Structures are given as structure tokens and as C-alpha cells.
1. Just the residues that are more than 14 Å from chain A (Cβ to nearest Cβ) and among the hydroxyl-bearing types (Ser, Thr, Tyr), please, taken from segment B:134-159.
2. Could you check how many residues of segment A:104-133 are more than 13 Å from every other protein chain (Cβ to nearest Cβ), assigned to a loop (DSSP other than H, G, I, E, B) and within 22 Å of residue B:262 (Cβ to Cβ)?
3. Take the residues in segment A:168-203 that are over 30 Å from residue A:45 (Cβ atoms), at pLDDT 95 or above and facing chain B (nearest Cβ under 7 Å), then tell me which one is surrounded by the most Cβ atoms within 10 Å (Cβ to Cβ).
4. Restricting to segment A:22-50, name every residue that is assigned to a strand (DSSP E or B) and either buried (at least 20 other Cβ atoms within 10 Å of the Cβ) or not hydrophobic (A, V, I, L, M, F, W, C) (or both).
5. Is it the case, given these coordinates, that residue B:79 is without any contact (Cβ under 8 Å) to a residue 12 or more places away in the chain and either outside any strand (DSSP E or B) or out of contact with any Gly (no Cβ under 7 Å at 6 or more places or on another chain) (or both)?
6. When you go through (1) within 13 Å of chain A (Cβ to nearest Cβ); (2) within 20 Å of the chain's Cα centre (by Cα) one by one for residue B:335, which number turns out not to apply?
7. Residues to consider are A:338, A:402; find the one that is touching a Ser or Thr at 6+ places or on another chain (Cβ under 9 Å) and more than 28 Å from residue B:54 (Cβ to Cβ).
8. Within the bounds of segment A:143-156, is there any residue that is at pLDDT below 95, touching an Asp or Glu at 6+ places or on another chain (Cβ under 6 Å) and over 25 Å from residue A:57 (Cα atoms)?
2 protein chains.
Amino acid sequence: MVEIRKPISVGEAVHRVINFAKQGESELVPIYNAYHRYLAEDLVATHHVPPFDRSPYDGFAIRAEDSTLANIDNSVEFEVIEEIGAGAVAGKVVLPFQAVRIMTGAQMPKECNAVVMLELAKETERDGKKYISIKRAYKPGDNISFEGEDTQKGTVLVEKGTKINPGIQALLATFGYAEVKVAKKPKIGVFATGTELLDVADTLEPGKIRNSNSYMVCAQIERRGADASYLGMLPDDFEYCYDKVANALQEVDMLITTGGVSVGDYDYLPDIYERLGANVLFNKVAMRPGSVTTVAELNGKLLFGLSGNPSACYVGFELFTRPVIQTYLFNTKPHLQKVQAMLNANYPKPNPFTRFVRSRLDFTNGQLSVAPSGFDKSNAVSSLATANALMMLPGGTRGFEKGRQVDVLLLEVDEGSEWPWG
Amino acid sequence: MVEIRKPISVGEAVHRVINFAKQGESELVPIYNAYHRYLAEDLVATHHVPPFDRSPYDGFAIRAEDSTLANIDNSVEFEVIEEIGAGAVAGKVVLPFQAVRIMTGAQMPKECNAVVMLELAKETERDGKKYISIKRAYKPGDNISFEGEDTQKGTVLVEKGTKINPGIQALLATFGYAEVKVAKKPKIGVFATGTELLDVADTLEPGKIRNSNSYMVCAQIERRGADASYLGMLPDDFEYCYDKVANALQEVDMLITTGGVSVGDYDYLPDIYERLGANVLFNKVAMRPGSVTTVAELNGKLLFGLSGNPSACYVGFELFTRPVIQTYLFNTKPHLQKVQAMLNANYPKPNPFTRFVRSRLDFTNGQLSVAPSGFDKSNAVSSLATANALMMLPGGTRGFEKGRQVDVLLLEVDEGSEWPWG
């Protein structure tokens, strides 16, 4: 009467899912729409940086060899023959004991090899000509930013699959990427199931609760750089639901359902997978919350059957859907980033399965420490609001004591892990 | 000839700016557009969670007192009189030695006070009636999620000024916030100045570089939850620029310019501030990079004159513009989050001013460690791409040795500091 499901380890479950993860396609977008997208090709320096020898200061370009005799007791004078603003280039040949007024960032005249900072030059005028005098000697190369000293042409500066941050935007602009090749966002459909569910705008009724999972999962999808498409709530009608799911699969790159994957009489997702002819990768994982999480595959498309309870749903998404999305976006570290932290509270509850505890990670005195972010039952929703991490406590017969090191998965950090599952 | 500017400390400079920061307005958005906006009012629980006593498992609701005599040698039998799906409510009164089949999440019949998990009940049928028998006793409250045990009605769950994450989306939906009161995004105008600047689509020319700051700053603005409005490059024409700046100020909540704030002959922003009658809060900060950063105020609007070199521009934005945007969005911890970390490389360069070094923060073995993210000159752009933090090294006559603790400001983390400046 009750189907007996055999639980598999989290690592094994993730392994079965990631086997079906595939990289997506790329598209060109204007640079002003590129922020927060994922690079679909390496970002390569298209020229040296700086692209020419330039002055990092306002001052005067000179030939260093002319300054050899300058010292505190002996001024050396230079005639200022020209002025170069940023963006301009020298028009005259600089002869011995001549100087050129030069602005920050401007290209060095080719005869010059040192810059005297503005505040170290004494300026004078005589017979309609300008002069400076200096009281120290300069070596060739003093106060010059050399062509290519920051970056050599052809260097791979940022790898394909990296999320574009403000610094990467600066690089794209510097190297003339007016259009940027980024990963197409996968489209992910979301259905909610559950006869107890009201819509967010509905008044509460006896026995019912509002559908919160869909809004949460859509935000999780967006957080990971994909497009969420909320497809509504599925009613308690098998034929109708079957048609909805089958049709949705034609329109999306992946499909998420929340609820309906337990072994209860109203849980009809397993029957839908069967009718579709989908390959069920697993339907029981040795973890809490979310042990009923089910993932199936049909013609290369993944169907994520997440639990109906909010925390289990949240965890199931982060463990199984996240890495598939990130792989689609060319990220080669697609999983949640795993770090170690000191447990900052007793966690007395033992569990035979791996437990993922909604937690807050803090940085105090240079140390990572972590504690549960609130009431810890798998139906507790409030602890998700303040969680920035999931503690990962191995299964066993005892709880965990304050002060011990535990593994922690980071939720709000873009940078991932290659494989955090032992 | 050269204007002498008196540098002030970073803390003093931030203080002068934040004095003019003000909170913005709020607007209602549909919940499906609320992700990543900032709450403009506290998120309050509008009902208990759970809203009623409910079963956390599939099983049978019973009256615990009827199970007193059950043990491994003595089964006790209950007649199953009804079945309650999730979202349904009991229709019958449960009498002694009667049970109700109940699904996960369903409301408890009011006479029942314990739930027998499905797998611990032996089901039978006799004379068209259903029965279960159990072999252990239950206490009142066993396997029940009680009304309000997660959250009490009226509790403030998330404070105004918090950025909405997926967990907060779940809470908003749970409590019926079909429309969410969020902070309006401030509109921030961005002008680039610099006669050396080419547009991103232009071919490189001698002496010139492409404008990268505008794209970078626009991404920084978006990262902090505001609307960026790129207004173009200002040419080298004072009257024209004055008009452009004066007109832009009518259209935006804050204005950023990049470049033009040094003491060079082509730096005309100071003259524009003077003509506008703006109150210059400072024009020299004891920091590297970005010492020429200038901030002015006119009729309550802030004008950020950021440096023209990319790293200095980046740092100036994060120190001065970020907290003003975050304050506008009701965040009471508007500054970059400050943490301590172990310096993981020698940093031999001394500096009389506070130095902000583009860095990578890493979490190894539960410890925060930090190292420069690349070539460190203020015109180096490549190091910004991989930086997730700024090391903050105090001014002094010596460098810093590997292994010492240093202050670090986090760039990619939403959570801020109330006041990181000593």
C-alpha cells in the first residue's frame, strides 16, 4: 500500500542530475545590457593596457638625460615647447633641454622618457616663452605608465562562464566589446501543486494556506541568472495536470513542480512521470528537509519535482536545479560554494540523514562562524528570510556541539564550487 | 598656479556626504516584480504560521488518550471514519477509537491531538469499513505542527530597508502581500568627461582610450539597486558642459561625473560647481586611489565628481555614492560591510594616505584571508574584474607583511555596515 523508496546519498543524487546538465546557447547583447549576464566566450584583451606609454600625473615630459646635473643646489632649466592634453599627441620634436606640458593619461612624446610632477617644477616666463626649472635628477622611466604594463594584448582576462560584474563591464568597454556574447538564459517553468493552496491575493480559509513556493522558486531562478515562467497552480485532476505538464515541457528548458511528490494518495507527480515515459533519476534522497525530492528526465529535459514544504523546496532547488542552470550558463563551478565555519550554537537534533539547516554565516574577527537562522522545522518559512547559508550536517546518531567545524554552503554568493560533495 | 587642496580623512569625507543623504519614496509593485527591491515597510505576519494545528506527515489523526494501552504486544484498533486531504477540513466528529486519514499539511480534526505516521499504522478492511491498528501509545501533541509555532501573528519578520531575497518572497506570499511596498529606485545620471575618451564602439586612436568608467559605474549603480541613466560624454566646452550638467540636475536624484576633477588645466568640474553655486563638501581625500574625488551639493542633490581613472572611480563610488543610494532605499546599514582578514601576501608599498587595494577575499579552513587581486596601480583595470573586496590599509611609512590582520570591505555582499569608519 505504501511504496517503499530507497534513499540515495545527496552526492549520488546530484551526480545523477548533473549527468543530464548541458551547456546552453549564446547571444549578443549591447554592452549596456550585459551587466549580470554570463560570458559566453573568454574576455580577451584586444590591445595592450595602457595602449601607449603615458603619464600617470599632470606634469612635464622631459628627456631624463638632460636632468643628470639637477640637485638641490643646482637647478636645471627646460623650455616648455608644447602642451599635450589627455587624448592629444605631441606635434613637435623635443630637443635637449626642452619639455612638454603633459596631462594625466596623455601619451608621452616619443623623445621623452620621464615625467616631472607639476608640483615639483618651478614655472617661469621670459620673452614670451615658458620655462620650468627642476632640482632633482630623473632616471629613464620615472613616472611613466608603460604600454602593456597592466595587460598584454591577447591575454584572457576573464573566463567564459563568469558572471559579469562592474569591473568586467569596464574591461568589456576598454576592449571595445560594444556587443557582448553572453549565455542565453534558460527558461524554467514553475507549477505549484497542492489542493490546500490559495493564491497570494486570496483571503485565508480554514485548512488552506497561500502558495508561497512559486514566488520563492521564481526568485531563486532569477538569482541564478535564468528566466522564471510561473505557469500557475495545478488542480486536483490527473488528466488536466498531465496535459498541462506535457504541454509546458514543449515550451521550457526545464520544469519545476512544487508538491505532489510524496507517497500520499494525492501525490500524482509520480504517475505523470510514468505516463510521460520520463526516466526517474531518483525519488528519495537521504537528506532533511526534502527527502521526497524527485528528479526525472525526458528527451534531455529535466523535471524537478520539489517538495511542497517551503524549506524542503528551497533546499531541493539549491542542490539540484542551481547547478543545472549554472552549467547551462557555461559556469564550470556550478554548485553552491562550500566553506568551513565554526558552529556557533548547539545543534542537539540527531538525524540519520544529511541535514541542511537554514543558517546565518558571520565574519567576526576574521573567522567564519555559523548558527541556525531561526526555528528549524521543515515547514518553517521565516528562517529562510534571514538565511545566507545552509549548514550541512552529516547524518548520525548524535547532535553537534557549539565550537566544532562544520561544512556550510553559501546561498547569496555567485561564485560556486566545482564539486562540494565528497 | 597650482591650487593647493587640503586632504581630509575618508571618515570625515563620508560623514560630510552622508549628512546630505535622505530616504526616498515608496511605491507598490506586484509581488512577482518585488524580488531584489528594498522593503519600504516592515514585513509583518498577518496571521499565525501555521495558521491552524496541522499534520506534518501523511497518517492518521487520533485522540492520544485512546492509544494508552497500545504497545508491542497489544495492538489497539481504530475505525477510520474519514479522509482529509490537504486543504480540506474534517466533516465528522471523531469519537473514541475512531481515526481520520490525514494528509501532510492538512488541518487536524478538532477532537484529535496526535498523528500516527502512515508507515506505523497497519491498515485493514472489514464489512466495508476501514480500520488501523497501532502498537505504541501516543501523547497529546505527538506529530502535530501547532498553530503559531513557527510565527505569531503581528511579528515583524523582516525590517524596512531589507533587500528582498527568495525567502522574503516566500514570506510576502504567505502573508498575502499581492502588492509589495518597496523603495522607489533613485535615478542617477552619469556623465563621462575626458578629451582622451573614445566610445566603446570606436576604433582605438593614438593617445586615446575608450570610455570604460561609464559602463562600470552604471553597473555599480544597478548592483546597489538604483536606476542608472547614462547621459553621454561631455566635450571640452565649458558653456556646453555647464548647460548639460545644470539641465541633468533637474532630471535625476543624484549626478555622477567621471574625470575632470583634478587640478589640471582641462579639469573644469570645479568651475561648473562654482557657477552652479553648489556647496563643495570636499575636493581632496587622504586616500589612494581617488584622492581628487570631489562631492558637491546643490539644493539637497548630491553631485559626485569621481576620478577619471577606473580604479579611483570605482572606489569613490563605493565609498561615497553607495551609502547615499542605500540610505535612499531605507537601508540603515548603508556602507560597505567591513570585516577582518589575514593578509595573504606581502604588501610592501607604504603610503601616507589610507590605501584601498582591489583584492580577493577567500574562505579557507574557516578563516578569512585576502590578497591583492592583480596589478596594483590606480589606472589598472584588470584587477577590478576579479576583485570581490577592497583591503583598507591605513596610511603610514611602512608596508604590510603577510600574516597580519587587515580591514577589508566587501563589494559583492548586499549586507552593509552601519559605520565602518572608526
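The values are calculated or read from the model by the stated rules, or taken from the named source; none is laboratory data. Please read these numbers as outputs of a predicted model, since none were measured by experiment. Neighbour counts are summed over all protein chains in view; Cβ atoms, including those assigned to glycine, are modelled from backbone coordinates with ideal geometry.
1. Once the filter is applied, which keeps residues that are more than 14 Å from chain A (Cβ to nearest Cβ) and among the hydroxyl-bearing types (Ser, Thr, Tyr), segment B:134-159 yields only B:138.
2. So the count comes out to 1.
3. That would be A:200.
4. A:26, A:27, A:30, A:38, A:39, A:43, A:49 - these are the residues of segment A:22-50 that are assigned to a strand (DSSP E or B) and either buried (at least 20 other Cβ atoms within 10 Å of the Cβ) or not hydrophobic (A, V, I, L, M, F, W, C) (or both).
5. The answer is no for residue B:79.
6. Of everything listed in (1) within 13 Å of chain A (Cβ to nearest Cβ); (2) within 20 Å of the chain's Cα centre (by Cα), residue B:335 misses just condition (1).
7. A:338
8. Among the residues of segment A:143-156, at least one is at pLDDT below 95, touching an Asp or Glu at 6+ places or on another chain (Cβ under 6 Å) and over 25 Å from residue A:57 (Cα atoms), which makes the answer yes.
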